[in-house]
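First up is the structure itself, then whatever we jot down about it.
Bear in mind these aren't lab numbers, they're just calculated from the coordinates by the rules spelled out. Note that the coordinates shown come from a computational prediction; the quantities given were computed from them, not determined experimentally. Methodologically, a virtual Cβ is constructed for each residue, glycine included, from the backbone with ideal geometry; neighbour enumeration extends over all protein chains shown.
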Amino acid sequence: MTETRKQDTDGTPGPVAARRPGGRTARTRARILDATLHVVARDGIAGLRYEEIAELAGVHRTSVYRNWPDRDELVNAALLQYSGTVELEDTGDLRHDLVDYLVALADLLSTTTGRAIQRVIQSARENPEVALPVDRIFERRLARLQQVVDAAVARGELPPVDGYFLAELLTGPVHLYVSRGLRPFTRTEAERITDVVLAGLRHTAG
């Protein structure tokens, strides 16, 4: 371990202070998690091999085993690390915030991370260990959406609505657009979806 010797204020040598570890370790762990998502996105959880993850991450296989001896724990860690990639902001303009969120969601679903999450979701119900991080991701997003919606309701922008119901109405079309890949999902599509959903909620509450 590299050591550095500090000096006291009078210029005399002070006690030896070890350089804090962690930077290299954190980068190694991040590369392993990135590689995990890449493999899951391509092959699913069943095709996950530690040897391939280590090769993609540029580390020794023992580094993967040492940090995550269990395969499901590795997948969980990879998903949870990237679960906050898309966040719903609250600027005080619900329509604007929802449109931004849908655009960001579409961008995420088109990435390796997004594809990995979709593959895991497909197999989550068959594996309780893997279902846990998936549920956490959805719970976190749903809680945030409900918070933003409640604030909009308080401002008079929207009638009271269940966050889960609103999330299904908004995000369902985004998933279809991206999965089919017939046309790009643009801000125009996000605006149309948001306007139709919000108009429908206001009309049915009237």
>> Looking at R115, R136 in this structure, which one is in contact with a helix residue (DSSP H, G or I) (Cβ under 7 Å, 6 or more places away or on another chain), loosely packed, with under 15 Cβ neighbours inside 10 Å and not in a loop (DSSP other than H, G, I, E, B)?
In response: R136
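Residue-by-condition table, conditions (1) touching a Phe, Trp or Tyr at 6+ places or on another chain (Cβ under 9 Å); (2) loosely packed, with under 14 Cβ neighbours inside 10 Å; (3) within 21 Å of R24 (Cα to Cα):
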| residue | (1), (2), (3) |
| --- | --- |
| E55 | no, yes, yes |
| H60 | no, yes, yes |
| N67 | no, no, yes |
| D70 | no, yes, no |
| D97 | no, no, no |
> Restricting attention to segment 188-206, which residues are under 14 Å from G172 (Cα atoms) and among the basic types (K, R)?
Replying inline: R192
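Residue-by-condition table, conditions (1) assigned to a helix (DSSP H, G or I); (2) among the polar types (S, T, N, Q); (3) within 18 Å of L108 (Cβ to Cβ):
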{"position": "V174", "(1), (2), (3)": "yes, no, yes"}
{"position": "L182", "(1), (2), (3)": "no, no, no"}
{"position": "I193", "(1), (2), (3)": "yes, no, yes"}
{"position": "V196", "(1), (2), (3)": "yes, no, no"}
{"position": "G200", "(1), (2), (3)": "yes, no, no"}
> For segment 58-71, how many residues are out of contact with any Asp or Glu (no Cβ under 7 Å at 6 or more places or on another chain) and assigned to a helix (DSSP H, G or I)?
Replying inline: 7
> Is one or more of the residues making up segment 144-166 without any contact (Cβ under 8 Å) to a residue 24 or more places away in the chain, closer than 25 Å to V40 by Cβ, surrounded by fewer than 16 Cβ atoms within 10 Å (Cβ to Cβ) and out of contact with any Asp or Glu (no Cβ under 8 Å at 6 or more places or on another chain)?
Replying inline: no
